[in-house]
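First comes the structure, then the notes that go with it.
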Amino acid sequence: MIAGRAAICGIGEIAPRRDTGNQTTVELISRVADLTVRDAGISLRDVDGLVVHQIRSMSMGAVALVEMLGLQASFVDRVDHGGATGAAMVARAAMAVATGACTTCLCLTASTRLPGAPGPRVADQSPTAEFEEPYGGIGANYGYALIARRYMHEYGTTPEQLANVAVQQRANACVNPDAIFYGQPLTLEDVLDSPMVLDPLHLLEIVMPTGGAAGVLVTTNERAQDLRPPVVQVLGLGEHVSHWSATYAPDLSTSAVKPAAERAFAMARVKPADIGLVSAYDCYTITVLLTLEDAGFCPKGEAGRFVEQHDLRWNGDFPLNTHGGQLSYGQSGIAGGMSHVTEAVRQLQGRAADRTVPDLELAFVHGNGGIMGEQVSLILGATR
Amino acid sequence: MTARPLPDPSPLTQPFWTAAKERELRVQRCHACGTYLFYPRYLCTACGSDDLRWCAVSGRGTVFTYTVARRPTHPGLADKVPYVIAVVELAEGPKLTTNLVDIDPDDVVIGLPVQASFEDVDDTTLVQFRPVGPGR
């Protein structure tokens, strides 16, 4: 059980941008570390745990960053869950403070971005690469296209229903000045008329790469009470890894979101109907539909109709990705996934500026990695 | 011009590519439990046995899902656009990633019966699939 033992007491963020200039990933990580501890009202000297992701070309990057940030750490980890990394970091930090491995753990993510770079991904060293890359099976787009095509075939979901997710999330981004697409409303026609990249994925259903950073500070519930309020409780967490390549997934149209979310809900002893905000990974529109139904927010196969029937804006009947989602906020590498955590924390603390969801008590945060193969769910709660 | 990505076989995977050169589709089969496996492994994913043997399969299957690349997924494939990337479910069970050839991308449907087809590219032979049907 994690409830009552782990809490989030600080967040930091460097908003997405298209060009991070001459800043390095390590610089962004350092600056977001500072923002995060300041938010909690503590200093880096108070931190005894650090969780980061793979940072390009850095060997033992987590250890190097302990030294660079001037820490003495009793818990250090590097998480490698692709898009689910942010949520998985918070889950690991929560387990570390709950068991006493450390008391105050920083989770840091960052990515640089230069305009025009990079092109298609280079070949990786995975065991499946030689059976996919010769056929053009490279990058994430084609995998999600395969999933979307199969899902639409099984459930009759329409292109309009998928596009609806992008449109409604854009409405949220238009209330968030930090979003990369702030001030640029979107219509269904805009999405459906945007170029087809890989059938059935239109350009505007695919996430926008940016540079930026995000940090989350996790500590024991006891220590959190002495820090700057309001504290956000970690009430439940769940994880499930089902596959690496979409081709070999046990099932393409029902995802591993289901077991991850079920575990998190059971641990938190709450149910989907109790949730007031969903902050769910959205690399593509199809990802959101699968997550909503596999986490239990609507019956299987109904997510297309669900998003049409509900108002997903911050002030609607089913607030979803109130920062705009990565589709409209921007995906700063691994920090993109972490933005779903920071937004939920901000909302539970009642400090999401003009888009604050009123009287919010419980949020469902979800991270998705790879080609729907790595799933991490968190249930976060406000302290009232 | 960037070259199309091609396999760099390992001792584990070489039998697949050697068979393809001979115009035959071969996959591993577990001698202990009978499960057909793709991609090549050291241990059976169904029972854990290490007694995996290469065997020829029919080359017949159906389209499980697919996408049409309207933009190249690799610079070396720019001259192939639009091309179909598909997951084919073999009659024997395993699924594999492939291209569909001899068909208009707009005519592809899930469930389409297909047959393995071999294309030599440099010193490699790729396994692709084409529709099964009258006149072919």
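The values are calculated or read from the model by the stated rules, or taken from the named source; none is laboratory data. Because the structure is predicted, anything quoted here is derived from the model rather than measured. Cβ coordinates were reconstructed from backbone atoms using ideal geometry, including for glycine residues, and neighbour counts include every protein chain displayed.
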Open item on the list: Restricting to the stretch A:85-141, count the residues that are of a type in the set (Ser, Thr, Tyr), under 30 Å from residue B:11 (Cβ atoms) and either in contact with an Asp or Glu (Cβ under 6 Å, 6 or more places away or on another chain) or at pLDDT 95 or above (or both).
Closed with: 1
Open item on the list: Pairs needed: first member in the stretch B:73-84, more than 7 Å from every other protein chain (Cβ to nearest Cβ) and buried (at least 20 other Cβ atoms within 10 Å of the Cβ); second member anywhere, hydroxyl-bearing (Ser, Thr, Tyr) and outside any helix (DSSP H, G or I); C-beta distance under 8 Å; at least 6 residues apart or different chains.
Closed with: B:84/B:66; B:84/B:67
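I need the full set of residues from the stretch A:295-327 which are in a helix (DSSP H, G or I), surrounded by fewer than 24 Cβ atoms within 10 Å (Cβ to Cβ) and in contact (Cβ under 8 Å) with a residue 12 or more places away in the chain, in order please. Write out each step before concluding.
Within the stretch A:295-327, the first condition is being in a helix (DSSP H, G or I), and the residues that meet it are A:303-309, A:325-327.
Retained after the next criterion (residues that are surrounded by fewer than 24 Cβ atoms within 10 Å (Cβ to Cβ)): A:305-306, A:308-309.
Selection gives A:305, A:306, A:308.
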- [ ] Quick one: count up the residues across the stretch A:175-193 that are among the polar types (S, T, N, Q) and surrounded by fewer than 19 Cβ atoms within 10 Å (Cβ to Cβ).
- [x] 2
TODO: Could you figure out which of (1) charged (D, E, K, R); (2) over 24 Å from residue A:357 (Cβ atoms); (3) not in a helix (DSSP H, G or I) isn't true of residue A:282?
DONE: (2)
Task: Single condition residue A:370 does not satisfy, out of (1) surrounded by fewer than 24 Cβ atoms within 10 Å (Cβ to Cβ); (2) at positive phi; (3) at pLDDT 95 or above - done: (3)
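Kindly check whether there is at least one residue in the stretch A:44-52 that is within 30 Å of residue A:248 (Cα to Cα) and part of a loop (DSSP other than H, G, I, E, B). Let's see the steps before the verdict.
Step one: list which residues in the stretch A:44-52 are within 30 Å of residue A:248 (Cα to Cα), which gives A:52.
After this cut, where a residue has to be part of a loop (DSSP other than H, G, I, E, B) as well, the list is none.
Within the stretch A:44-52 (the criterion being within 30 Å of residue A:248 (Cα to Cα) and part of a loop (DSSP other than H, G, I, E, B)), the answer is no, since none of the residues qualifies.
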Task: Among the candidates A:302, A:361, residue that is among the acidic types (Asp, Glu) and within 23 Å of residue A:200 (Cα to Cα) - done: A:302
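Mind telling me which of the residues A:276, A:301 ends up being over 20 Å from residue A:343 (Cβ atoms) and either touching an Asp or Glu at 6+ places or on another chain (Cβ under 8 Å) or among the small types (Gly, Ala, Ser) (or both)? Break it down into steps so the answer makes sense when it comes.
Details: A:276 fails: over 20 Å from residue A:343 (Cβ atoms).
Unique residue meeting the criteria: A:301.
For the stretch B:27-47, does any single residue satisfy the condition of being closer than 25 Å to residue A:206 by Cα, within 13 Å of another protein chain (Cβ to nearest Cβ) and in contact (Cβ under 8 Å) with a residue 60 or more places away in the chain?
First, the residues of the stretch B:27-47 that are closer than 25 Å to residue A:206 by Cα: none.
No - not one qualifying residue is present in the stretch B:27-47.
Yes or no: the stretch A:119-127 includes at least one residue that is among the polar types (S, T, N, Q), without any contact (Cβ under 8 Å) to a residue 40 or more places away in the chain and either over 22 Å from residue A:327 (Cα atoms) or touching a Lys or Arg at 6+ places or on another chain (Cβ under 9 Å) (or both).
Here is the first cut: in the stretch A:119-127, the ones among the polar types (S, T, N, Q) are A:125-126.
Keeping just the survivors that are without any contact (Cβ under 8 Å) to a residue 40 or more places away in the chain gives A:125.
Subsequent filtering for residues that are either over 22 Å from residue A:327 (Cα atoms) or touching a Lys or Arg at 6+ places or on another chain (Cβ under 9 Å) (or both) retains A:125.
Yes - at least one qualifying residue is present in the stretch A:119-127.
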Open item on the list: Among the numbered criteria (1) within 12 Å of chain A (Cβ to nearest Cβ); (2) surrounded by 18 or more Cβ atoms within 10 Å (Cβ to Cβ), which one does residue B:109 miss?
Closed with: (2)
- [ ] Would you please name the residue that is farthest from the other protein chains (Cβ to nearest Cβ), looking only at residues in the stretch A:157-201 that are free of Cβ contacts under 8 Å to residues at least 24 places away in the same chain and over 24 Å from the mean Cα position of the chain (by Cα)?
- [x] A:187
- [ ] Search the stretch A:332-355 for residues being more than 20 Å from residue A:7 (Cβ to Cβ) and more than 17 Å from the chain's Cα centre (by Cα), and hand back the single one that is surrounded by the most Cβ atoms within 10 Å (Cβ to Cβ).
- [x] A:355
Task: Residue that is farthest from the other protein chains (Cβ to nearest Cβ), among those in the stretch A:238-269 that are over 29 Å from residue B:39 (Cβ atoms) and assigned to a helix (DSSP H, G or I) - done: A:268
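Take the conditions exposed (fewer than 15 other Cβ atoms within 10 Å of the Cβ), closer than 24 Å to residue A:153 by Cβ and within 13 Å of chain A (Cβ to nearest Cβ) and apply them to residue B:120. Does it pass? Give the steps one after another, and end with the answer.
Details: exposed (fewer than 15 other Cβ atoms within 10 Å of the Cβ): yes; closer than 24 Å to residue A:153 by Cβ: no; within 13 Å of chain A (Cβ to nearest Cβ): yes.
No, not satisfied.
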- [ ] Please verify whether the stretch B:52-62 includes one or more residues that are away from chain A (no Cβ under 14 Å) and in contact with a His (Cβ under 8 Å, 6 or more places away or on another chain).
- [x] yes
